[in-house]
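Report on one structure; see the data block that follows.
The values are calculated or read from the model by the stated rules, or taken from the named source; none is laboratory data. Quick caveat, the model's predicted, so the values are computed rather than measured. No Cβ is skipped: glycine too gets one built from the backbone with ideal geometry, and neighbour counts run over all protein chains shown. In case anyone asks, the SASA skips ligands and DNA or RNA and just uses the protein heavy atoms, side chains included. Shrake-Rupley method; radii C 1.70, N 1.55, O 1.52, S 1.80 Å.
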Amino acid sequence: DTIPPVIAKLYPEPGAINVPVHKTKIEMKFDEYVVVKDPQSLFLSPPLEKTPKHKIQGKSVVIYFENDLDSNKTYSIDVTNAIADNNEGNMFPGFTLVFSTGDQIDSMMITGIVQDCNTLQPLKGATVMLYKDQADSAVFLKRPDAAVKTDDWGFFCIRNIQDTVYRLYALIDENNNNKY
């Protein structure tokens with residue numbers, strides 16, 4: 001078996017609006033039994049104070065949040081490099097689910113490549129963060145308004161953000177707290 005798992009059912013559906021902010025759960029039901037290989041790769045944007053948690057229920061991965069979500073906000077959860085089938089370890093390909101706790105989905109995006117400033121080599125796994133707050137101290141004091149991890153080639157794409165002015169930072173977030 002060389003075929004990765006396939007999503008058979010998804011809740012909430014991609015692009016869902018008015019998703020509840022309290023005790024929010026995301027259920028991804030697959031066509032076979034799966035495991036979460038890398039929980040750090042379950043990445044929610046904008047990040048909450050606590051990282052998403054997960055549990056396996058049969059052929060499903062249920063992702064839940066210890067904090068309430070903000071109202072009237074577009075969220076995306078990326079599960080790239082997180083899930084694999086239980087027996088052969090075939091990795092589930094990159095997937096991002098977008099939903100909103102309000103009545104619309106934000107539609108702007110920004111892309112780029114993060115490179116090491118000394119070697120100009122791409123940085124894999126760097127956290128790219130957007131802040132509406134233009135203060136220099138925001139990266140130290142607040143969680144970002146949107147964030148994403150770079151891929152193997154340093155590429156990033158932050159989708160479904162508001163049409164506004166942002167300040168962009170990229171860093172290696174060793175303690176995964178989404179702050180500098």
Considering residues of region 88-103 that are assigned to a strand (DSSP E or B) and not aliphatic (A, V, I, L, M) only, the residue farthest from Thr2 (Cα to Cα): Ser100
Criterion: of a type in the set (Lys, Arg), touching a residue at least 24 places away in the same chain (Cβ under 8 Å) and over 27 Å from Pro20 (Cβ atoms) - qualifying residue of Lys124, Lys73, Lys149, Lys142: Lys124
Qualifying positions in region 61-70 - free of Cβ contacts under 8 Å to residues at least 40 places away in the same chain, in contact with a strand residue (DSSP E or B) (Cβ under 8 Å, 6 or more places away or on another chain) and surrounded by fewer than 18 Cβ atoms within 10 Å (Cβ to Cβ): Val62, Glu66
Selection within region 165-180 - outside any strand (DSSP E or B), open to solvent by 60 Å² or more (accessible area, probe 1.4 Å) and at pLDDT 95 or above: Val165
All positions within region 11-42 that are of a type outside the set (Ser, Thr, Tyr) and in contact with an Asp or Glu (Cβ under 7 Å, 6 or more places away or on another chain): Ile17, Asn18, Val21, His22, Glu32, Val34
Elements of type strands (runs of 3 or more DSSP E) in region 12-55, at least 2 residues being open to solvent by 60 Å² or more (accessible area, probe 1.4 Å): 25-30
